[in-house]
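Take a look at the structure set out below.
The values are calculated or read from the model by the stated rules, or taken from the named source; none is laboratory data. Remember, it's a predicted structure, so these values are computed and weren't measured experimentally. Cβ: placed from backbone, ideal geometry, glycine included. Neighbour counts: every protein chain shown. Accessible surface is based on the protein model in full, side chains and every heavy atom, while ligands, DNA and RNA are left aside. Shrake-Rupley method; radii C 1.70, N 1.55, O 1.52, S 1.80 Å.
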Amino acid sequence: MTRTDSADRVRLPENPPGEFRHSAARFPTGVTVLTCRRDGEPHGMTVNAFTTVSLDPLLVLAVLRTDSRTTGQVLSGDGFAVTVLSSLQEQTARSFADPSRARDGTAFSAVAHAPARRTGSPVLLGGIAYFDCVVESTHPAGDHTILVGAVQAFGLLSEEPALLFSRSRLGAEPDLRQP
């Protein structure tokens, strides 16, 4: 019997398309806030579809809902920053994910931030790491846009555990600093 023969006998459950989100929620992700500055105003949104892509050149990738107002702000310029959130920033993640949040920059009044070195985009100081990026490319992907950023600056912000998103819930990664 070959591998193909045994694989042909396995029947995976078929799910209706509406169950896709439920299945995808089983994959834990980190939580970030992607920010930019346009016309002197800061803009930001919670993003959990974020990953590093390349070490040479330094590239990151974020997936943004195409019809989001913040996505429009990000795509209308050439730079953005990504802050990886700490486990202490659950409220920040919720705030920047709330579609009814203020669009005039007041969302940033409740969170300490500083301008990123290259783009001036807000970096949330309570995070654990940041990436300051210029737009390398964008790619349509269904109802989302894949944003590839060329990293211009980056750094660690704290040693706190990361904030994770899994099973449609926010929570802390295990604190690996404990013996």
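Does Leu55 count as modelled with pLDDT of 95 or more and open to solvent by 30 Å² or more (accessible area, probe 1.4 Å)? Quick ask: steps written out before the conclusion?
On the way: modelled with pLDDT of 95 or more: yes; open to solvent by 30 Å² or more (accessible area, probe 1.4 Å): yes.
Answer is yes for this residue.
Could you list, ordered by first residue, the pairs with Cβ atoms under 8 Å in which the first is in the range 61-85 and within 11 Å of Asn48 (Cα to Cα) and small (Gly, Ala, Ser) and the second is part of a loop (DSSP other than H, G, I, E, B) and open to solvent by 10 Å² or more (accessible area, probe 1.4 Å), at least 6 apart or interchain?
So the pair list comes out as Ala62/Ala49.
Given Ala102, Ala97, Ala49, which one is within 20 Å of Cys133 (Cβ to Cβ) and small (Gly, Ala, Ser)?
Details: Ala102 fails: within 20 Å of Cys133 (Cβ to Cβ); Ala97 fails: within 20 Å of Cys133 (Cβ to Cβ).
Ala49 is the lone residue from the list that is within 20 Å of Cys133 (Cβ to Cβ) and small (Gly, Ala, Ser).
Within the range 70-92, track down each residue that is among the hydroxyl-bearing types (Ser, Thr, Tyr) and assigned to a helix (DSSP H, G or I).
Taking the range 70-92 as the starting set, the residues that turn out to be among the hydroxyl-bearing types (Ser, Thr, Tyr) are 70-71, 76, 83, 86-87, 92.
Once the filter is applied, which keeps residues that are among the hydroxyl-bearing types (Ser, Thr, Tyr) and assigned to a helix (DSSP H, G or I), the range 70-92 yields Thr70, Thr71, Thr92.
Could you tell me whether any residue of the range 99-108 is within 24 Å of Glu160 (Cβ to Cβ) and not in a loop (DSSP other than H, G, I, E, B)?
yes
Only one of Ser100, Ser87, Ser76 is farther than 13 Å from Ala62 by Cα, under 15 Å from the mean Cα position of the chain (by Cα) and among the hydroxyl-bearing types (Ser, Thr, Tyr). Can you tell me which?
Working: Ser100 fails: under 15 Å from the mean Cα position of the chain (by Cα); Ser76 fails: under 15 Å from the mean Cα position of the chain (by Cα).
Answer to the selection: Ser87.
Hey, which of the strands (runs of 3 or more DSSP E) in the range 109-178, taking only ones fully inside, have at least 2 residues that are within 25 Å of Asp39 (Cα to Cα) and among the hydroxyl-bearing types (Ser, Thr, Tyr)?
On the way: elements: 113-115, 122-124, 129-141, 144-156, 163-166, 169-172.
Per the criteria, 129-141.
Out of all the residues in the range 62-71, is one or more on the phi < 0 side of the Ramachandran plot, modelled with pLDDT of 95 or more and touching a Phe, Trp or Tyr at 6+ places or on another chain (Cβ under 9 Å)?
Within the range 62-71 (the criterion being on the phi < 0 side of the Ramachandran plot, modelled with pLDDT of 95 or more and touching a Phe, Trp or Tyr at 6+ places or on another chain (Cβ under 9 Å)), the answer is yes, since at least one residue qualifies.
Which of the residues that make up the range 117-132 are without any contact (Cβ under 8 Å) to a residue 40 or more places away in the chain and over 22 Å from Glu159 (Cβ atoms)? So that I can check it myself, show each step before the final result.
At the first step, the residues of the range 117-132 found to be without any contact (Cβ under 8 Å) to a residue 40 or more places away in the chain are 117-118, 125.
Listed by number, the list holds a single entry, Arg118.
Filter the range 122-167 for residues that are of a type outside the set (A, V, I, L, M, F, W, C), open to solvent by less than 30 Å² (accessible area, probe 1.4 Å) and touching a helix residue (DSSP H, G or I) at 6+ places or on another chain (Cβ under 9 Å) and give the result.
Passing the criteria: Pro122, Gly127, Thr145.
For the range 27-52, name all the residues that are open to solvent by 20 Å² or more (accessible area, probe 1.4 Å), in contact (Cβ under 8 Å) with a residue 24 or more places away in the chain and farther than 15 Å from Phe80 by Cβ.
The answer is Phe27, Pro28, Thr29, Gly30, Asn48.
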